[in-house]
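Take a look at the structure below.
Each reported figure results from applying straightforward, stated rules to the coordinates on display, with no laboratory input. Note that the structure is a prediction, hence the values are computed from the model and not measured. When we count neighbours, we look across all protein chains shown, and the Cβ atoms used for this are built from the backbone with ideal geometry, even at glycine.
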Amino acid sequence: MSNEDLLDSESNNPKEPEAPTSLSEPTLAQLIKQQNLPMAILAGLGAALVGGICWAMWGLMTGTQHTYIAMGVGLIVGLAVKKVGKGYEEFFGIIGGTCAFLGCFLGNILCIVAIASNELNLGFFETIWVIEFSVISNVMNETFSFVDLLFYGVAMFIGYKISINRLAEKENEAS
């Protein structure tokens, strides 16, 4: 192999090694067999719960609600579904997006409760038992805006995209 074969003709930079274009059938079958839908759902719901709690804690610390935390919820959920579910099919992305939405919604509700607990000088769990759902619903209706909807959508997109393992990643690992 000559030096010319190792350099890109246009930029004179080293060429990247080419990855194989497809996985072997046994490897692909093994990867598909490793998928775990029930665990992906549990991991997604668990991560959504953790994300929602983190959102509420941030609201409690700052006294305000920051919708951009939704992106972090989508990231946490997507990574959990990807790691635990090991899915290669689109359905794993749907699970990630749905759980990201649930985490955002839960985070919004818990943040309202956290801020209310601060205002009422009550503990967080005491406020959960005292506050009526209609109050939370009214606050959600009054404070929810287009920006919230936008960030919910971004969180769902992040959760969807990250949740699906890509075969190209496995191809690079195999080579």
Tail fraction, Cα-Cα pairs, the range 94-172, threshold 14 Å, whole percent: 69 percent
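I'd like the FRET efficiency for ASN141 and ASN121, computed as 1/(1 + (r/R0)^6) with the beta carbon distance as r and R0 of 30 Å, rounded to 0.05.
Working: r = 25 Å, r/R0 = 0.84.
Calculated value: 0.75.
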Values of log10 I(q)/I(0), in the order q = 0.13, 0.19 Å⁻¹, for the range 23-169 under a Debye, Cα-only, solvent-free model: -0.59, -0.99
Dipole of the range 23-169, positive direction: furthest Cα of MET39, THR67, VAL139, with charges on the beta-carbon: MET39
Surrounding net charge for ALA116, when Lys and Arg each add one and Asp and Glu each subtract one, Cβ distance under 14 Å: -4
